[in-house]
Amino acid sequence: MKKIIIAIDGYSACGKSTTAKVVATLLNYAYIDSGAMYRAVTLYFLDHYVDITNPKSVAKALANINIQFHLNPKNKENETFLNGLNVEKDIREMRVAEKVSEVSAIKDVRVAMVAQQQKLGKSKGVVMDGRDIGTVVFPSAELKIFMTADFDIRAERRQKELLEKGELIELDVVKENLAKRDQIDTSRKESPLLKDKEAVEIDTTHVTFDEQVEQIIHLAQNAMITT
Ligand code: CDP
């Protein structure tokens, strides 16, 4: 069957990554977490005290950043490597979440990441999730999904995820972070988060995880035949 690109965009913590991973596994496709790339850039900027208001410092830092994904044979998950080091755990920390939307709004950062993402999707057979995948990275993706969920549900899900990773964060703090990121991500000048006109919207507030996966698989199978 024809290999396609599946672009999944949407707000933070609405279940994009978990859904995208399972969809990719079921289709035997590669899963690429574009948010992990922006998080890795942010981690580098934090650790190297990069002044994000200075374009020269940003350009210099970007030239020193190499991001790769490697499959961990133990848990079968793609993990993020920054300049050869596994940063999968570090990039999920709150200190990164607090800065990532500001960093992602910088044009040079986006240009560098989008170029890499397009390379990763060149041979198709890819599920990629993020904010601008269907609109900017792969505007001709055969299937575009826009995921949403109620704000409070998203905050509870994210708090649980952070706890599972060892960070206990007050619900109000998680909410504040999500609200701030939603605001920056949707209002920025460069590639704001918006629903592409071709995207199918899935609200994950009331559907079960299996239902949302099934819906995307069904749409993907149709797209493989009709596009
Ligand atoms: O995990 P969560 O859903 O909270 O976010 P993420 O997918 O890891 O993305 C983290 C941040 O990276 C987002 O809040 C955006 O600011 C930025 N991002 C972006 O600008 N464009 C993308 N394609 C993916 C993420």
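Rule-based calculations on the coordinates, nothing more; no lab input. These numbers come from a predicted model, not from an experiment. Here Cβ is always computed from backbone atoms with ideal geometry, including for glycine, and neighbour counts include all displayed protein chains.
Which number do you get for Rg(Cα) / (2.2 N^0.38 Å) in region 33-142?
Values: Rg = 13.9 Å, N = 110, 2.2 N^0.38 = 13.1 Å.
Scaled against compact globular proteins, the figure is 1.06.
Helix 209-226 versus the longest principal axis of the chain: what is the Cα-based angle in degrees, 0 to 90, to the nearest 10?
70
Under 19 Å from a point 7 Å along the Cα-to-Cβ line of Asn86: which residues of region 153-171 have their amide N that close?
The answer is 164-167, whose backbone nitrogens lie closer than 19 Å to the label point.
How far, in degrees from 0 to 90, does helix 34-47 lean away from the longest principal axis of the Cα atoms of the chain, to the nearest 10?
The two axes meet at around 10 degrees.
Hey, if you put +1 on the Cβ of every Lys and Arg and -1 on every Asp and Glu Cβ in region 5-214, which of Tyr44, Met147, Val58 ends up farthest toward the positive end of that dipole?
Most positive-ward Cα: Val58.
Ranking request for peptides 46-57, 209-220: highest mean number of other beta-carbon atoms within 10 Å first, then the rest in descending order.
209-220, 46-57
How long is the gain from Ile169 to Arg95 if the chain were fully straight, where each residue apart is worth 0.36 nm and the alpha carbon distance is subtracted?
Computed gain between Ile169 and Arg95 is 25.5 nm.
From Cα pairs below 8 angstrom and at least 6 apart in sequence, can you work out the relative contact order of region 51-199, rounded to a whole percent?
22
Find how much the distance from Ile52 to Lys74 grows on full extension, using 0.36 nm per residue of separation minus their present alpha carbon separation; answer in nm with one decimal.
On the way: separation 22, 0.36 × 22 = 7.92 nm, distance 3.68 nm.
Stretched out fully, the Ile52 to Lys74 stretch lengthens by 4.2 nm.
Place the peptides 84-93, 120-129 in order of packing, highest mean first, counting for every residue the other Cβ atoms within 10 Å and averaging per peptide.
Ranked from most to least packed, the peptides come out as 120-129, 84-93.
In nm², what is the average projected area of the convex hull enclosing the Cα atoms of the chain? Before the final figure, lay out the partial values.
Details: hull surface 48.3 nm².
In nm², the orientation-averaged hull projection of the chain is 12.1.
Leaving out same-chain residues fewer than 8 places away, which aspartates and glutamates sit with a Cα under 15 Å from that of Lys2?
In chain and number order, the partners are Glu142.
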